[in-house]
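Just so you know, all these numbers are worked out from the coordinates, no wet-lab data involved. Predicted, not measured: the structure shown is a model, and the values here were computed from it. Cβ sites come from the backbone with ideal geometry, for glycine too, and all protein chains shown count toward neighbours.
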């Protein structure tokens, strides 16, 4: 299978194109670093917005408002405290804490919101206003209606007076970054459900599947196909090699290149991996009517292909 053929296979994957758009959005945020007084990661920013616009009784309610595991929220609040954007306060029930924003937090949130809004507008620059609105509505439908066992998401209502800031909880929950993150959670949850019986991760399954389709590949090829950083691909390859599903050897024709090949045991896994991959995609795709799914993928692909949406 050629690079073109694999790219055509990936073009039918909703998860693949959402990841590409997310990568482009993150690149735009990174390029705007000088305009951000305190650059925030997505979950740090989202936590601050929720805390500024609604009342969360404790860390668990904040986690549900963000749609993440309760175990993750502790690290996020630790980071915000180190950044001096707030502090925990023990409640009357000594086992529970609330989080109080600092006086500097509102200005940091407002500045970060403006940068993120500009980045989103840039990503959508290739689409008409109607297409951009429709795409967000489709992603919102997936985020709300999937049956995947993703972390619970409780969509809060805005508890602050309308018009007293330039953003609201509806703006956050309807933003491209939030929806793609939530849809990504759903996709990973679906993938986990189908690969867990084989003791595989989604990334391991994808890379082994592609490796089995070729007589040989190399690290650069896999990085180019999946648009993923080399250390991440290398780590997955080490795991696959340890399980005797791939083998690596120096290319006799080019000592700088290491060939990667599937073993007989790895090839035996290929049919199972293809089945579970297709099954997971079908469940994600089932969240939308078939003709809508194709339109969503086409719009995401056009956003990635547009040079206007790339950092300058």
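List of remarks:
- Separation of the residue 171 and residue 268 label points, Cα + 7 Å toward Cβ, nm: 5.7
- Segment residue 305-residue 128, extension gain: residue separation times 0.36 nm, minus the distance between their alpha carbons: 62.2 nm
- Percentage relative contact order, the chain, counting C-alpha pairs under 8 Å, at least six apart: 25
- Principal axis extents of the Cα atoms in the stretch 108-159, from largest to smallest and rounded to whole angstrom, are 32, 30, 19.
- Sites residue 89 and residue 249 - FRET efficiency at Förster radius 41 Å, r taken between beta-carbons, to 0.05: 0.10
- Percentage of interatomic Cα-Cα distances in the chain larger than 26 Å: 54
- For the chain, built as a Gaussian network whose Cα springs stay under 10 Å, the top-fluctuating residue of 145, 227, 291: 291
- Computed over the stretch 87-230, Kirkwood Rh from alpha-carbon pairs, angstrom: 19.3
- Taking all Cα pairs closer than 8 Å and separated by 6 or more residues, the relative contact order of the stretch 21-186 comes to 30 percent.
- Put a dot 7 Å past the Cα of residue 75, heading toward its Cβ, do the same for residue 292, and the two dots end up 3.4 nm apart.
- Counted by neighbouring Cβ atoms within 10 Å, the residues 248, 89, 116 run from fewest to most as 89, 248, 116.
- Inter-probe distance in nm under a simple model that places probes 7 Å from Cα toward Cβ, at residue 258 and residue 118: 4.2
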